[in-house]
Amino acid sequence: MAKQTNLGEHSPLSTAFGREGIATLVSEGPVRFLLVSGTQDAGGWGVIGAFWLSIDAERGGFVVNPDALWSGSEMARCDRSAFRRGWSAEKVYRYWQDLVGVAGTVMIDPQQHGDTLLHVYRRVGAL
């Protein structure tokens, strides 16, 4: 599973998964997701992560690409901040979905679907 910070949150910088973490990713599905591209840590352009939402719209989050820890963790921080302010997973996802295209310094691709959350992690390059 992802490492936890002292605040009880999963660290967006953690990319290590054990068997139990992979099983959790496989058990969450199907999902919809929005790939987000921007400047990666080495300075090139590429996928920095993805917003995801469960089909029942109860769960969601942001998966960070390990090659884009700086910008990806900023997006993850925004996601967690919205949850803390009482936004639902669906409201956060819809907010970003309304910004498909160029949104500031990032590009958000149209919605895609995955059979499991593992598909999103693989697509982002987080495994």
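The values are calculated or read from the model by the stated rules, or taken from the named source; none is laboratory data. Treat the numbers as computed from the prediction; the structure is a model and nothing was measured. A quick note on method: Cβ atoms are made from the backbone with ideal geometry, for glycine too, and the neighbour counts reach across all protein chains shown. The protein model used for the area step is the full one, side chains on, heavy atoms only, and it has no ligands, DNA or RNA in it. Shrake-Rupley method; radii C 1.70, N 1.55, O 1.52, S 1.80 Å.
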Exercise. Which members of the stretch 98-119 meet the condition of being surrounded by fewer than 16 Cβ atoms within 10 Å (Cβ to Cβ), within 14 Å of the chain's Cα centre (by Cα) and closer than 14 Å to Gly49 by Cα?
Worked result: Asp109, Gln111, Gln112
Exercise. Within the bounds of the stretch 57-64, is there any residue that is basic (Lys, Arg), in contact with a helix residue (DSSP H, G or I) (Cβ under 9 Å, 6 or more places away or on another chain) and within 15 Å of Val124 (Cβ to Cβ)?
Worked result: no
Seminar exercise, completed: Within the stretch 102-113, the residues that are of a type outside the set (Asp, Glu) and at pLDDT 95 or above are Met107, Ile108, Pro110, Gln111, Gln112, His113
Exercise. Given the stretch 37-127, what strands (runs of 3 or more DSSP E) lie entirely inside it while holding 2 or more residues that are touching a residue at least 40 places away in the same chain (Cβ under 8 Å)?
Worked result: 45-54, 60-64, 106-108, 112-114
Problem set entry | Breaking point among (1) under 14 Å from the mean Cα position of the chain (by Cα); (2) open to solvent by 10 Å² or more (accessible area, probe 1.4 Å), for Ile48 | (2)
Exercise. Given (1) touching a residue at least 12 places away in the same chain (Cβ under 8 Å); (2) on the phi > 0 side of the Ramachandran plot, where does Ser27 come up short, assuming only one miss?
Worked result: (2)
Problem set entry | Given (1) within 18 Å of Pro30 (Cβ to Cβ); (2) open to solvent by 30 Å² or more (accessible area, probe 1.4 Å); (3) hydrophobic (A, V, I, L, M, F, W, C), number of the condition Ala89 does not satisfy | (2)
Exercise. Name the residues in the stretch 52-67 that are open to solvent by less than 10 Å² (accessible area, probe 1.4 Å) and either in contact with a Cys (Cβ under 7 Å, 6 or more places away or on another chain) or within 11 Å of Glu90 (Cβ to Cβ) (or both), would you?
Worked result: Leu53, Ser54
